[in-house]
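Note sheet for the following structure.
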Amino acid sequence: MDNNGKKLVLGGLVALVFLLVVGFAAFGSQLTIKGTARVSTAWDVHISSVVANKFVGSAQNVSSTIEESGLAATLETDLKAPGDSVTYDVTVVNEGSINAKLSDINFHQSQAQEAADVEGYKPSITYAYTGIDTQSEDTKTKLKPGESVTFQVTVTFTKDFDTKTFTEAQIENQLELVLTYVQDTTA
């Protein structure tokens, strides 16, 4: 092959590369997507009200208060005689934006140790709750945003308690009822 032929082939290759570059630029595009994502959820499950609604015997509600945060309520009752009781309606509300479910209920009860050490002693005051459930995954109390649940807590002076054996201080009892709500990821 002579020099002219080589120059012609070389020129043709340069022209072909130039056409490929121009063609790629004409038909190629680079896309860029930019964005920002924010999580705007809020967890706000709290006690919204406590109301003493049923009295048996000479029982009285001394006070029922909710802490400012709504995460705790204090109930104080005056039970004068065995068999007296007070039932409170307690309302828990979900004012957040995340589904919640009740996962656990725990009772912590305390009384004067010297009374508890007496043989045959049984608690002077009993507590019960109704209207909430943690027994099965299908029936746990669930709260969607904006929903509430009202349940009852009943405080009872044990009907057959021997009031002559113990002093008033020994009969006094304290209860802590702890409800644990968690995010409901099944909804």
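For the pair Asp160 and Gln109, how long in nm is the line joining their label points, each one 7 Å along Cα→Cβ?
1.6
Suppose the chain between Leu175 and Gln60 were pulled fully straight at 0.36 nm per residue; how much longer would it get relative to their current alpha carbon spacing?
39.7 nm
Give me the distance in nm between label points sitting 7 Å out from Cα along the Cα-to-Cβ direction at Gln135 and Ser97, one decimal.
Simple spin-label model gives 3.7 nm for this pair.
Which entries of Lys54/Lys142; Lys54/Lys122; Lys122/Lys164; Lys54/Lys159; Lys54/Lys80 have Cα-Cα distances beyond 20 Å here?
Lys54/Lys142; Lys54/Lys122
I need the peptides 81-94, 143-156, 47-60 ranked by packing, meaning the mean over residues of other C-beta atoms within 10 angstrom, with the highest value on top.
Ranked by mean Cβ neighbours within 10 Å, highest first: 81-94, 143-156, 47-60.
I want to make sure I understand the PRE zone here: with the label point 7 angstrom from the Cα of Glu119 toward its beta carbon, which residues in the range 149-169 have backbone N atoms less than 16 Å away?
It comes to no residues whatsoever.
Quick check: residue separation of Asp89 and Lys7 times 0.36 nm, minus the Cα distance between them. What number comes out in nm?
Stretched fully, the Asp89-Lys7 segment lengthens by 19.6 nm.
Coordinate-derived values only; no laboratory data. The model shown is predicted, which means the values in this text are computed figures rather than measured ones. For neighbour counting, all protein chains shown are included, and Cβ atoms are generated from backbone atoms with ideal geometry for every residue, glycine included.
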